[in-house]
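I have placed the structure first, in the form of structure tokens, so that the comments after it can refer back to it.
Each reported figure results from applying straightforward, stated rules to the coordinates on display, with no laboratory input. On a predicted model such as this, the values are computed, not experimentally measured, just so you know. We place every Cβ from the backbone using ideal geometry, glycine too, and count neighbours over all the protein chains shown.
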Amino acid sequence: MQNATKRVDPIWRHVWTNRIWKFLWLIYTIGYLIFLVVTHVWEKQGLSSMLLAAFNLLVAVGIIVNEFKQEAYWKRLGTRRSEALQDPTSFRARNQPIGPELALQLPVTIRLHFNQTFTIVATGMILTLFVVSAGLGVYLASGSLTDWFPALIVLAIFIGMLLIAFLFIYFFWLRYQTQSIELNEEGITTRYQSQKRSIRWEDAQIFAQYEQGGFNRKVNGTTFELANQETVVRWSQQRFNATYLKVNSNQARNDDFNWLLSQVKAYVAQRTRLPLLDFNDTQSAGRGSQTDQNDPLAPHLSLNKQQLWTFSIAGIFGIGLILMALFGNTFPGTQSGFKSAGNVLNAMWLLGGGMMVLGIGTTLVTYRIARRYWLRQQKQRELSKQTPERFRASIQPQPVSTPPQPGKLDVKISPLYLFSVTFISLLVISFLLVEVIFRQTGLYLLYILLGCMLLSLFSAITTVALSGKRYQRRIEVWPNGITSRISIMESQINWQDVTSFIRYRGLRIIPGQSKIQIYELTGDNTVVRWQWPHNQLRFQKTDPTMTPKEHDRWMEHLSGYIVERTGLPLLDLDEEQH
């Protein structure tokens, strides 16, 4: 049965190709490490070469282990698909597509492709960084031919590592991010994982969803498929839609990828009249509470083995860089002093290792604080279900019979604000750290400042490009219910399924009271959240454009409309009455 499943499922061609490349990478890392040891080259190149080789080997081993886990995951999906073809009852999803009124006009074309503007800007930034690095390397050599060679080697290693990292990311991840979906009267055609597949509506026997394959599946997104005994047609709704990807469509709101995909899901369910099946491990095993399984926040409240492995390896590598820079010469044969390439490399290792360890530590501490906060809110939510009168808000929203207008509101953080915060913070931290290491003044200080500015500029642009859309929020009110997306988590609920209307103050890492309130609509299987900031300065943009007062009035109207439609009072988890 497994062989038949593999012949039908196009994903296995992608899996086998990845397996070859990953094993070749493992063979290369092992061979390079053996070469360094046998030929004693590491004694000339320094401990840095051994550390990098060992780190590459550990990464390669981790990639191979993850590959085997992915193959086992796809095998389980194939088994569940075969079982569902015989009897789909046990796989029926708790939340069936309920969506807003269908707004798709056939034929439908949706394409997710690379943003050419981002590609051009990123290429220009990388070339600029290389040119500046080369100029600084030559300057640090100070005209001495004996010191030029080590400086250029340092630069070559830096450029080579970036090039290898880019090629690795592109071939194993980026090129599989693009996809296309076409709907017409006859059926659906998709291009997913670089493979094109089609199926007619009347031939579809299964409509299923499951976690998107890849590293850390629970937060990557959701994959959908239409299948029968002869073919599998897939598309995915990615929770992370970065700026380097652009959406084109012939539909209204053609740039809202999540809205388009929710419309596709609702249309497929209506056209095929098939129930949505859930092939996820938790659904099949029958584990966990219903709320946890359908709460979009649940996957983010625990670290899986892959994440722990990544943090451990990166932490060990960062500590190794720090120890090597402090107690050993990473580049033997170079002179000491500020103008020495060897000392520059030591400083690079120290700075890189320190920021790596600091970043991991900050991430883990933040995660622990956030987890405690959300677990506390979960406990309060359960208490409010048992004794709602204890949490009834002192000031209730005024019921309103008409929905807020406009019915859809998009909120996103200001790109200028995100860029400014990232650039200024990185500039201050990197400049202070480098100056503590070199302790230079005059012209040298100017060059250090210039280098830190370029590094911070590159990092800020990258942050906006990769994380800008992660801060987008959307609220859409439709006749039968509400849809909300906060950060990368999206959920929806029908009005008749709502069992409680809750609010509480948002998370604040530093001491003090948060000025952001989070609102929730909960049901037996679903949790829908959105935010209401009360800051005087709101570094956000709304679509359609609203002033802060207009935004507040819209949110008040929404609360009143929810009270009217659900008949439920507003509960405040921060106003518990004893």
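Between amide H atoms placed 1.01 Å from N, distances below 5 Å from Ser236 occur with Phe224, all of them 5 or more places distant or on a separate chain. Close amide H partners of Gln540, meaning residues 5 or more places away or on another chain with modelled amide H under 5 Å apart, are Ser414. In terms of the mean number of neighbouring beta-carbon atoms within 10 Å, the peptides 500-509, 400-409 order highest first as 500-509, 400-409. Shown in residue order for the stretch 368-381 are the 3J(HN,Hα) couplings computed by the Karplus curve 6.51 cos²θ - 1.76 cosθ + 1.60 at θ = phi - 60°: 5, 4, 5, 5, 4, 5, 6, 5, 5, 5, 5, 5, 4, 5 Hz (x for Gly and Pro). A straight line joining the Cα centroids of the stretch 527-572 and the stretch 65-87 runs 42 Å.
For Gln205, the residues 5 or more places off, or on other chains, whose built amide H falls under 5 Å of its own are Ala227, Asn228.
Sorting check: for 377-387, 556-566, which peptide has the highest mean count of neighbouring beta carbons within 10 Å, and how do the rest follow? Write out the running numbers ahead of the final one.
On the way: 377-387: 14.7, 556-566: 19.0.
So the peptides 377-387, 556-566, ranked by packing, come out 556-566, 377-387.
Which entries of Lys22/Lys265; Lys412/Lys549; Lys69/Lys246 have Cα-Cα distances beyond 28 Å here? Going by Cα-Cα distance, Lys22/Lys265; Lys69/Lys246 fall outside the 28 Å limit. Here the Karplus curve 6.51 cos²θ - 1.76 cosθ + 1.60, taken at θ = phi - 60°, turns the phi angles of the stretch 545-559 into couplings of 5, 9, 6, x, 5, 5, 5, 4, 5, 5, 5, 4, 4, 4, 4 Hz, with x standing for Gly and Pro. Our coupling estimate for the stretch 560-569, obtained by passing each phi through the Karplus curve with A = 6.51, B = -1.76, C = 1.60 and θ = phi - 60°, is x, 5, 5, 4, 5, 6, 9, x, 10, x Hz, Gly and Pro reported as x.
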